[in-house]
Amino acid sequence: MIKVFKKTTPPESLSAQKKYDSEEVKQQLIADHQGKCYLCERVLTTDFQVEHLHSQEHFPEEKYDWHNLFLSCSYCNGKKSNLFDDILNPAQEPIESLITQELDYLNKKAVFKQVGTSASTEVQQTLSLLERIFNGTHKMRKTKEERFFEDFLSKMNAFQKAINNFLMADNEETRLVLQEELTINREFLGFKYWIIQNNPKLLSEFAQDIIWNKNS
C-alpha cells in the first residue's frame, strides 16, 4: 500500500448525489489509481468497485464525497467493509514510508510494522487491515485468501529475480527491467519500496524510482 494520486476536482456526476459509482467516477478513479486497488495494489480489469474510505454505514454524509471514494477490488472491499473507518488516508499520507511492508518467505506471510514508536489510531487500523488482507483472518488461509497470497508471492518472486539479476550483472538490460518493475502502474510497490530501502546498493541506484506520488 502506497500513497495514491487523487484528482482534486470531483467528477460532475457526483453533484447530483444520485450515484457515487457512476461511469465518470469509475473512469476517473481508474485513471488516478493507475487501474490498481488502493489497498492491495493489484491491477484490476473487471473486478473493481468504488470503495468508501469512511464506510457508508457510519458516515452516510460522505457517501457522495469525492475525497472519500477510492478504487478497490472486491476482495479488499470485503475485508475492509465497515470495520476500518480510521485507516490512513492514502491520498494524503505516504503510507509506504509510515509502514514497513515485507515478505517473510520462510513462514509464508506478509509482515507489517509501524515506522517509529508512536503509532496513531490510523496507523494501527491500517496495520490491522493489511494483515487481514494479506494473511487472512485465521491460522489457515481460506481458499480466496490462499489464492490471493499465491498470486502476490508469484509477483514478488519475479521482482526478486529481477533484483538478483541486477546485483549479479549491473548493466543496461538488468537495470531497465528493474526500473520497469518500479513504475507507478506495477503491483505491490509498498513491498518493493522496502526491498529497495533495505539494500544500500539498490537504494543508491534506484532512490529516484521509488518516490511515486509523494510530490503530488
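The values are calculated or read from the model by the stated rules, or taken from the named source; none is laboratory data. Because the structure is predicted, anything quoted here is derived from the model rather than measured. SASA here: full protein model, heavy atoms, side chains in, ligands and nucleic acids out. Shrake-Rupley method; radii C 1.70, N 1.55, O 1.52, S 1.80 Å.
List of remarks:
- Heavy atoms of the protein chains alone define the surface here; on that basis the stretch 4-78 has 50 Å² accessible area per residue at 1.4 Å probe size.
- The calculated pair-distance distribution of the stretch 70-148 uses every alpha carbon pair, bins of 10 angstrom beginning at 0, and gives 16, 50, 31, 3 percent.
- Accessible area of the chain belonging to carbon and sulfur atoms, whole % at 1.4 Å probe: 49
- In this entry, the stretch 100-216 is assigned a mean projected area of 8.7 nm², taken as a quarter of its C-alpha convex hull surface.
- Set Lys7/Lys36; Lys144/Lys192; Lys3/Lys192; Lys161/Lys201 screened for pairs whose C-alpha atoms are more than 18 Å apart: Lys144/Lys192
- Ordered from longest to shortest, the equivalent ellipsoid semi-axes for the stretch 1-107 are 24, 15, 14 Å, each the square root of 5 times a Cα gyration tensor eigenvalue.
- Along its three principal directions, the equivalent ellipsoid of the chain from the Cα gyration tensor extends over semi-axes of 30, 20, 16 Å, largest first.
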